[in-house]
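Participant: Please see the structure below; I have some questions.
Just so you know, all these numbers are worked out from the coordinates, no wet-lab data involved. On a predicted model such as this, the values are computed, not experimentally measured, just so you know. Neighbour counts are summed over all protein chains in view; Cβ atoms, including those assigned to glycine, are modelled from backbone coordinates with ideal geometry.
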Amino acid sequence: MVDETRMFRLGVRATSKGAPMMIAEKTEILIEGLTLHCRVGVPKEERGAVQPILVTLRCETELPVGGRDHLDATVNYATIVREAQALVEVRRFVLLERLAEALADICFVHAPVIRVQVKLLKPRKLRDCEAVGVERTFIRS
């Protein structure tokens, strides 16, 4: 028999048979407010200078409830950030849309990721606009 009082104190919800009472409908790994310093733009002059791009990544994963409580059991957001920073150090992009694809590719390398939403903003690029940018969603095929 499950000691329900003890389980409640531990923050664990279980049925009377001890099985979890829930499943994860959706788990997203979030990276918000990342500033990448890269060369991106349609005019050649714009690609000639490094500019800040504000990045938000939402990586939907297939992580089971009750899995291992270890970093290897999930997506390491620090690794994704390092890989994104390394990408923009070596590549230039004409379109933000292509940069979004490259960032999604980085996320999909991590096995449990099934869907990635990428939002990229160029701050203060146009007068009278706080930012301009693109938002794209990719699904693992």
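Participant: Per residue of region 33-44, in order, report the coupling 6.51 cos²θ - 1.76 cosθ + 1.60 (Karplus, θ = phi - 60°) as ³J(HN,Hα) in whole Hz, putting x for Gly and Pro.
Facilitator: Result, rounded to whole Hz: x, 6, 9, 9, 9, 9, 9, 8, x, 6, x, 4.
Participant: Given a Förster radius of 41 Å and the C-beta distance between Glu62 and Arg127 as r, what FRET efficiency does 1/(1 + (r/R0)^6) yield to the nearest 0.05?
Facilitator: About 0.40, to the nearest 0.05.
Participant: Working out 0.36 nm times the residue gap between Gln51 and Arg92, then minus their Cα-Cα distance, what length gain in nm do you get to one decimal?
Facilitator: 13.6 nm
Participant: Tell me the label-point distance for the pair Thr79, Thr27, using the 7 Å Cα-to-Cβ offset, in nm and rounded to one decimal.
Facilitator: 1.4 nm
Participant: If I take R0 = 25 Å and measure r between the Cβ atoms of Leu34 and Ile114 in this structure, what FRET efficiency does the formula 1/(1 + (r/R0)^6) give, to the nearest 0.05? Please report the intermediate quantities before stating the final value.
Facilitator: Details: r = 21 Å, r/R0 = 0.84.
Computed FRET efficiency for Leu34 and Ile114 comes out at 0.75.
Participant: Using modelled backbone amide H atoms (1.01 Å from N, in-plane), which distant-in-sequence or interchain residues come within less than 5 Å of Val94's amide H?
Facilitator: Long-range HN contacts for Val94: Gly41.
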